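Undergrad: Below is a structure I'd like to ask you about.
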């Protein structure tokens, strides 16, 4: 295996065989191939792509660079969900306990906020005491006991992906579908799942802005999942505006608690029910996605999902008193309404702008080791299609920093487009993909 | 200047401004930007190319990373030649003294063999005592005194190119026209030249196999030269078979000595006279390239070129006794004729194969620090279009290694294609390019 020849082969559009790819990536992970050769290869992959065979093998190598958790001893079809990330996407917080409450074990390993998007781990950690850094043994015990567990990446899971991702981040090779897919799936396949539901976001607040790219990513992810014998279903959902109303860690947990207690936040719950329906279906607790949705709605209405969430918070060290009475949570020092000085209809929202507005309130990190202000964030009052008056707040900003409030307000004002004519809101769920392909709804 | 943003900009097809390119390359040369970011950028350049402005600025940055020699105090228009390299391309050895003998100062900094191609420095160093590692001060004194000097790359000349080239070599980013052009021109412009003649090779033994690519490289090189105010002319010449008959260091020097003494090796001398004509024309010692050629022929016929060569060998420490009597040179231990066991016409020669055959005789390096067997190599007896009989030698192999002889014979036999029908030899000089563009002959 001569590294420069493999770089040249990919550069010239060739397909690397498993016998070429495996020693190449493994030698890189061991430090026997330098970063600069991997960087050149990654950029060649950016331009030339990978075949399905390459993508699967690449995933396989990263998966087996670390621990592959075995949950075979736990009864039931274990199902997880992965979202490609967005603004206000707090679905996992409800979805995991909800699906578990319906009898499907959910082993979930999540990530932190990235760029303008939030991360499930950060949101969970806004619950005082909640620990996401469980060891793999404890992870197994928790899911065995209560049917759901939510932790963060451990150093044992896909270390090759961690090393490659760090390099991609500084060499402009992140935005590449086979590399993204390999990164996601190597971590998901390590969790011990039997099936997977994907929520691939598209729109101004998503990493895949164009729907075609989102569909391509979904299909690549599904191909990998199915190649590993895991049933995989994907949905393409809208990220042209925040999902639900809250953006910010505790604000989002609070919104989830209210929803689990029965409050209807339509777009958020519609996505949650659809994903839950698919997970329940894949978990063999319903005959169809639709039937799964009905079961999920009942689990919210009955309080079973909320109870499972309380159980999860408790077992992972969280203080359930804050869940039972969210008013106990400290309020941020500053809050201000955002108005637009215009009458009309919300025409569009630059959702990445909203994401960055959330970041400057203190809800996200500018640098990897920045501390997070869990109380900071934004609550959205007006979404695309809503009518608005000049003095009517479109959003409220929360922060412990006065500068954060001012900066976020400006960004939000820049993110909103107002139209004189009525505007139709964007679709919420564009369509669904499985191994048979993608179908628009 | 954020490196990853510049990588992304190039990746997405953007043009880097001088204000972006300069700090990026300079920081890399200083070690403030790591190899992996440069490697990713180079691969992005491979796919996206560079604009003329970028290529010129890139050359400029590499040029000014080291010493730019000033020969303004030496009278006359200083002209050099650069060849993109090939098999049996020994032209420089005759051309530099020949053009100097015609009154045009020739400051020449050459390179070593690369891959299957030979290098002028290695050939010169096959002359016992000949030193190519002169300091820049000595370089200046030699050209001032005798009107010609031939040395190797010094560490002071374009160190940025040296660092970048080493990285390109191991990241499969060598074969990229703007990067090749920048590398060549940053070194040539550092020599102190006023004008430049280019010999861009095309065919099975050249780095640019396709003529279109050779033309593109010639035009890129000319654009750079002219942007720096240096008149630049380029010829596209054939490298589908060795130039002349000898391949190997001393064998080539020996062929040059014979040619300078009046022996006619048609293809070799036709190229030499054409390049000399252009250099004499650019050096303002003739009114046209054709007139320059006539002057050059006279300088060979009169012995002036040979005398200048002797002067050069002497001043650079070479033992002229070996030039005066080439029979004094040690013969290699082994030599064998190569036959093809077929009757017909030489249909084509895989000239890269001939180059590698030369390499396995010991005439070239497999690794950078391999020693060279100066006496080793090949003498070609049959070129494309020649008729051949089964027992008639097409080449003779020379080596101090018996295995080298055997391996080279096999490669030569594989490189020759024999045709039953008469075959027309390939053209020798395809055309000429200058700032007005390229014209086929």
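Undergrad: Being part of a helix (DSSP H, G or I) and within 12 Å of chain A (Cβ to nearest Cβ) is the filter here; which residues of segment B:1-33 pass it? Give the derivation first.
TA: We begin by selecting, within segment B:1-33, every residue part of a helix (DSSP H, G or I); these are B:3-11, B:18-30.
B:3, B:4, B:5, B:6, B:7, B:8, B:9, B:10, B:11, B:28, listed by residue number.
Undergrad: Do you know which residues across segment B:275-315 are surrounded by 18 or more Cβ atoms within 10 Å (Cβ to Cβ) and part of a loop (DSSP other than H, G, I, E, B)?
TA: B:283, B:285, B:286
Undergrad: Looking at (1) part of a loop (DSSP other than H, G, I, E, B); (2) closer than 18 Å to residue A:301 by Cα, find the lone condition where residue A:244 falls short.
TA: (2)
Undergrad: Kindly indicate which of A:122, A:137, A:70, A:80 is more than 22 Å from the chain's Cα centre (by Cα) and outside any loop (DSSP other than H, G, I, E, B). Walk me through it before giving the result.
TA: Numbers: A:122 fails: more than 22 Å from the chain's Cα centre (by Cα); A:70 fails: outside any loop (DSSP other than H, G, I, E, B); A:80 fails: more than 22 Å from the chain's Cα centre (by Cα).
Exactly one residue qualifies, and that residue is A:137.
Undergrad: Within segment B:164-178, is there a residue that is over 17 Å from the mean Cα position of the chain (by Cα) and closer than 24 Å to residue B:231 by Cβ? Give the derivation first.
TA: Initially, segment B:164-178 is screened for residues over 17 Å from the mean Cα position of the chain (by Cα), giving B:164, B:166-173, B:176, B:178.
Imposing the further condition that a residue be closer than 24 Å to residue B:231 by Cβ reduces the set to B:178.
Checked segment B:164-178: at least one residue is over 17 Å from the mean Cα position of the chain (by Cα) and closer than 24 Å to residue B:231 by Cβ.
Undergrad: Go through segment B:316-328 and give me each residue that's part of a helix (DSSP H, G or I) and surrounded by fewer than 18 Cβ atoms within 10 Å (Cβ to Cβ).
TA: Here is the first cut: in segment B:316-328, the residues part of a helix (DSSP H, G or I) are B:321-324, B:326-328.
Passing the criteria: B:321, B:324, B:326, B:327, B:328.
Undergrad: Out of all the residues in segment A:247-264, which are in contact with a strand residue (DSSP E or B) (Cβ under 9 Å, 6 or more places away or on another chain) and assigned to a loop (DSSP other than H, G, I, E, B)? So that I can check it myself, show each step before the final result.
TA: Kept after step one, since they are in contact with a strand residue (DSSP E or B) (Cβ under 9 Å, 6 or more places away or on another chain), are these residues of segment A:247-264: A:247-256.
Result: A:248, single match.
Undergrad: Then there's this: Which one of B:272, B:237 is buried (at least 24 other Cβ atoms within 10 Å of the Cβ), touching a residue at least 12 places away in the same chain (Cβ under 8 Å) and in a helix (DSSP H, G or I)?
TA: After applying the criteria, what remains is B:272.
Undergrad: Step by step: first the residues of segment B:34-54, then only those that are more than 10 Å from chain A (Cβ to nearest Cβ) and surrounded by 16 or more Cβ atoms within 10 Å (Cβ to Cβ), then the one that is farthest from residue B:178 (Cα to Cα). Which residue is that? First the steps, then the outcome.
TA: To start, the set of residues in segment B:34-54 that are more than 10 Å from chain A (Cβ to nearest Cβ) comprises B:49-54.
Adding the requirement that they be surrounded by 16 or more Cβ atoms within 10 Å (Cβ to Cβ) leaves B:49-50, B:54.
Details: B:49: 7, B:50: 6, B:54: 9 Å.
So, considering only residues that are more than 10 Å from chain A (Cβ to nearest Cβ) and surrounded by 16 or more Cβ atoms within 10 Å (Cβ to Cβ), the one farthest from residue B:178 (Cα to Cα) is B:54.
Undergrad: Here is a follow-up. In segment A:15-33, which residues are farther than 20 Å from residue A:170 by Cα, surrounded by fewer than 21 Cβ atoms within 10 Å (Cβ to Cβ) and in contact (Cβ under 8 Å) with a residue 12 or more places away in the chain?
TA: Listed by number, the residues that qualify are A:15, A:18, A:20, A:22, A:23, A:26, A:27.
Undergrad: Select from segment B:365-385 the residues that are over 20 Å from the mean Cα position of the chain (by Cα) and on the phi > 0 side of the Ramachandran plot and list them in ascending order.
TA: The one that is over 20 Å from the mean Cα position of the chain (by Cα) and on the phi > 0 side of the Ramachandran plot: B:385.
Conditions (1) within 14 Å of chain B (Cβ to nearest Cβ); (2) surrounded by fewer than 19 Cβ atoms within 10 Å (Cβ to Cβ); (3) at pLDDT below 95, marked per residue:
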| site | (1), (2), (3) |
| --- | --- |
| A:114 | no, yes, yes |
| A:117 | no, no, yes |
| A:126 | no, no, no |
| A:133 | no, yes, no |
| A:138 | no, yes, no |
| A:149 | no, no, no |
| A:180 | no, no, no |
| A:212 | no, yes, no |
| A:217 | no, no, no |
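Undergrad: Is it true that some residue in segment B:318-332 is at pLDDT 95 or above and under 30 Å from residue B:418 (Cα atoms)?
TA: yes
Undergrad: Does residue B:208 meet the test of being surrounded by 20 or more Cβ atoms within 10 Å (Cβ to Cβ), at pLDDT below 95 and more than 14 Å from chain A (Cβ to nearest Cβ)? Reasoning before the result, please.
TA: Working: surrounded by 20 or more Cβ atoms within 10 Å (Cβ to Cβ): yes; at pLDDT below 95: yes; more than 14 Å from chain A (Cβ to nearest Cβ): yes.
So residue B:208 passes the test.
Undergrad: Kindly provide the set of residues from segment A:402-431 that are surrounded by fewer than 18 Cβ atoms within 10 Å (Cβ to Cβ) and part of a helix (DSSP H, G or I), ordered by number.
TA: A:402, A:403, A:406, A:410, A:413, A:414
Undergrad: Also, I was wondering about something else. Take segment B:156-171 and flag every residue that is away from chain A (no Cβ under 12 Å), buried (at least 22 other Cβ atoms within 10 Å of the Cβ) and in a loop (DSSP other than H, G, I, E, B).
TA: If the condition is that a residue be away from chain A (no Cβ under 12 Å), buried (at least 22 other Cβ atoms within 10 Å of the Cβ) and in a loop (DSSP other than H, G, I, E, B), then B:157, B:158 are the ones that fit.
The values are calculated or read from the model by the stated rules, or taken from the named source; none is laboratory data. Bear in mind the structure is a predicted one, so any value in this text is a computation, not a measurement. Virtual Cβ from ideal backbone geometry, glycine too; neighbours counted across all protein chains shown.
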